[in-house]
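The values are calculated or read from the model by the stated rules, or taken from the named source; none is laboratory data. The model shown is predicted, which means the values in this text are computed figures rather than measured ones. Here the Cβ positions follow ideal geometry from the backbone for every residue, glycine too, while neighbour counts run over all protein chains shown. The accessibility values were calculated without ligands, DNA or RNA, using every heavy atom of the protein model including side chains. Shrake-Rupley method; radii C 1.70, N 1.55, O 1.52, S 1.80 Å.
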Amino acid sequence: MTRDPDPIGLYDPYLSAVSPKGDHGHFSGGYKIWPNGARVAQADVRLMCIGNSTSLWPDAAWSLELGKMLTTPDRIVAVYNGAGKGNTSSQEVLRVLRDAPVIAPDLIVSLSGICDIGYLLNAKNYPFRHKYTRRAMDHLKEHGLVNDVVFGLPDPALPAEVWCRNQRMARALAQETGSEILTFLQPIQGYGAYPQTEAERAFYDSKAKVVLKAADKPYGECLRAFYEGVKDIMAAQPEAYRHIVDLTDAFDDCPGAYRDHRHQSPRGVTHLAKKILPHVQARLGAQNTGQQVDTQE
C-alpha cells in the first residue's frame, strides 16, 4: 500500500480535518487549549481562535503568542485554538455555529482567506463539499455503507462571494451566542506588499503558473481574483464587514516572514501576533466600555 501524500489525520465529520492533539497537554473536542489546568476555568478572557494550517500549533502558534501577550498578573487569558488543516471559511462558520455556544468566548479571532482561493479545498458550486470530506465519503460509498452522498443545492457563488457571505454569517452567529468575532484577511505571497528575495520570487513564480483544475486558471490569477473580489465586496458594504481587518500588507516591514508561499516562518508568526494584538485589545476594551470599534483601516 502506498502512503497517502496528504493524510487527513484527525477527522471531524462536520468539519473535515482538524488539528490532532500531538504533544499539546490540554486538548478537547478538536481544540488545543492554553493554559493547562484550573487556570482555564478561572480565565477572565476566553479567546476562540479559528483558521487553517497557518494557525496550527505548534508551527503557526500566533494565537498562543497572542494569548501570552494579553495575559497580565491581573488577567488570565484562555485560548481555544480550533484551526484545522485546509479549513476554509465554510468550516470556520460551522465552528462558530457549533462550538461558540459551548466555549462562550469573549472574542472569536479568525485568520482566514487562503483556503478559499480558486476552489482549492471546497468543490466548485458546493462551498461545504470539502476535499477531505469527499475522500471520506468516497470510501463509504466504495464499501457500500451509503448508496450516495449529496452536498446541498448547487451554489454558483464565486470564492470571494462565498468567503464574504460566510464572514457575515459568522458575525451574526457570534452575536446570537453573546460573542463577537474579529476576522483577519490573511497575508500570502503573491498579493500585498512584501519585500521578497529573488529566491522567494522565483519560488512563488513557479507556484503561480500551476493551473487549478476546478477554476481552470493559474494559481496566481485565482489568488489575485479572490483578494480583489473580497476587497471590492467589502468596499461596497463597509458596515457589513466592519469586523474584518485587512492584513494583506502585514509583512511589508518583515523580510523572511514566510517558510513557503503560504505559511509563516517563526519570525512571521511572531510578527503576525503583534499585528493582531492591538485590534484584539481594542475590541476587548470596547466590550468593557460598551463602545463600538471600527476595525476597517
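Only residues that are without any contact (Cβ under 8 Å) to a residue 60 or more places away in the chain, hydrophobic (A, V, I, L, M, F, W, C), over 26 Å from Pro7 (Cα atoms) and in a loop (DSSP other than H, G, I, E, B): list them for segment 133-186, please. If you could, list the steps in order and put the result at the bottom.
We begin by selecting, within segment 133-186, every residue without any contact (Cβ under 8 Å) to a residue 60 or more places away in the chain; these are 134, 137-157, 165, 172, 175-176.
Of the ones still in play, those that are also hydrophobic (A, V, I, L, M, F, W, C) are 137, 140, 145-146, 149-151, 153, 157, 172.
Then drop every residue that is not over 26 Å from Pro7 (Cα atoms), which leaves 153, 157, 172.
Once the filter is applied, which keeps residues that are without any contact (Cβ under 8 Å) to a residue 60 or more places away in the chain, hydrophobic (A, V, I, L, M, F, W, C), over 26 Å from Pro7 (Cα atoms) and in a loop (DSSP other than H, G, I, E, B), segment 133-186 yields Leu153, Ala157.
Could you list, in sequence order, all residues of segment 192-214 that are open to solvent by less than 70 Å² (accessible area, probe 1.4 Å), of a type in the set (A, V, I, L, M) and in a loop (DSSP other than H, G, I, E, B)?
Hits for segment 192-214 are Ala193, Ala214.
If the requirement is being under 18 Å from Leu97 (Cβ atoms), touching a helix residue (DSSP H, G or I) at 6+ places or on another chain (Cβ under 7 Å) and open to solvent by less than 60 Å² (accessible area, probe 1.4 Å), which of these qualifies: Ile8, Ile50?
On the way: Ile8 fails: under 18 Å from Leu97 (Cβ atoms).
The match here is Ile50.
Of the residues in segment 167-180, how many are touching a strand residue (DSSP E or B) at 6+ places or on another chain (Cβ under 9 Å) and either of a type in the set (Gly, Ala, Ser) or open to solvent by less than 10 Å² (accessible area, probe 1.4 Å) (or both)?
If we filter segment 167-180 for residues that are touching a strand residue (DSSP E or B) at 6+ places or on another chain (Cβ under 9 Å), which is where we start, we get 167, 170-171, 173-175, 179-180.
Right, trim to either of a type in the set (Gly, Ala, Ser) or open to solvent by less than 10 Å² (accessible area, probe 1.4 Å) (or both) and you get 167, 170, 174, 179.
Residues meeting the conditions: 4.
Restricting attention to segment 184-242, which residues are within 25 Å of Cys49 (Cα to Cα) and of a type in the set (Val, Ile, Thr)?
Selection gives Ile188, Val230, Ile233.
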